[in-house]
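What follows draws every value from the coordinates through simple rules; no lab data is involved. What you see is a predicted model, and the numbers here were worked out from it, not measured in a lab. Virtual Cβ from ideal backbone geometry, glycine too; neighbours counted across all protein chains shown.
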Amino acid sequence: IDERYDGGGAHLYLGVIKSLRPAALGGEPEIARGHFERAIEFSAGQNLMAKVLMAEFYARNVFDRELHDSLLASVLAESADYQGYVLANSLAKIEAEQLLAESGDFF
């Protein structure tokens, strides 16, 4: 099995799964972080949804506002126009804007 397939899409899925629960309830946030980082690496940073999901599921789970806001700001600063990722990136930018606006309420 090639973990790089689809820009590391399997790692993105595993990152979300591992960060659904906090560590106190059996979640594995640090393993999740590794999966998100690999998804970002394997997509060469072109899959902006990987950063949005890392902010939403990992950074919020571990209450890391600095990481949360920096990931979302980087998504908003990037172009959505990467071949194979245009739709997902356009949606990621919309979601990043919403999550960033809610940041003060969450943290």
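Within segment 14-38, can you find the residues that are small (Gly, Ala, Ser) and crowded, with 20+ Cβ neighbours inside 10 Å?
Gly15, Ser19, Ala32
Which one is nearest to Gly15 (Cα to Cα), of the residues in segment 47-82 that are free of Cβ contacts under 8 Å to residues at least 12 places away in the same chain and in a loop (DSSP other than H, G, I, E, B)? Reasoning before the result, please.
Here is the first cut: in segment 47-82, the residues free of Cβ contacts under 8 Å to residues at least 12 places away in the same chain are 64, 66, 70, 77, 79, 81.
Filter once more, so that each one left must be in a loop (DSSP other than H, G, I, E, B): 64, 79, 81.
Numbers: Asp64: 16, Ser79: 24, Asp81: 24 Å.
Across segment 47-82, the extreme among qualifying residues is Asp64.
Pick from segment 50-107 the residues that are of a type in the set (Gly, Ala, Ser) and in contact with a Ser or Thr (Cβ under 7 Å, 6 or more places away or on another chain): which of them is farthest from Arg21 (Cα to Cα)?
Ala80
Being among the small types (Gly, Ala, Ser), over 27 Å from Gly26 (Cα atoms) and buried (at least 22 other Cβ atoms within 10 Å of the Cβ) narrows it down to one residue among Ala92, Ala73; which is it?
None of the other options fit; the residue is Ala92.
Which members of segment 37-46 meet the condition of being out of contact with any Leu (no Cβ under 7 Å at 6 or more places or on another chain), assigned to a helix (DSSP H, G or I) and of a type outside the set (Lys, Arg)? Steps first, answer last, please.
At the first step, the residues of segment 37-46 found to be out of contact with any Leu (no Cβ under 7 Å at 6 or more places or on another chain) are 37-38, 40-46.
Now restrict to residues that are assigned to a helix (DSSP H, G or I): 37-38, 40-42.
Hits for segment 37-46 are Glu37, Ile40, Glu41, Phe42.
Which numbered condition in (1) in contact with a Pro (Cβ under 9 Å, 6 or more places away or on another chain); (2) of a type in the set (A, V, I, L, M, F, W, C); (3) on the phi > 0 side of the Ramachandran plot is the only one that Val62 fails?
(3)
In segment 13-34, which residues are more than 19 Å from Asp69 (Cα to Cα), in a helix (DSSP H, G or I) and not charged (D, E, K, R)?
Result: Tyr13, Leu14, Ile17, Ala23, Ala24, Leu25, Ile31.
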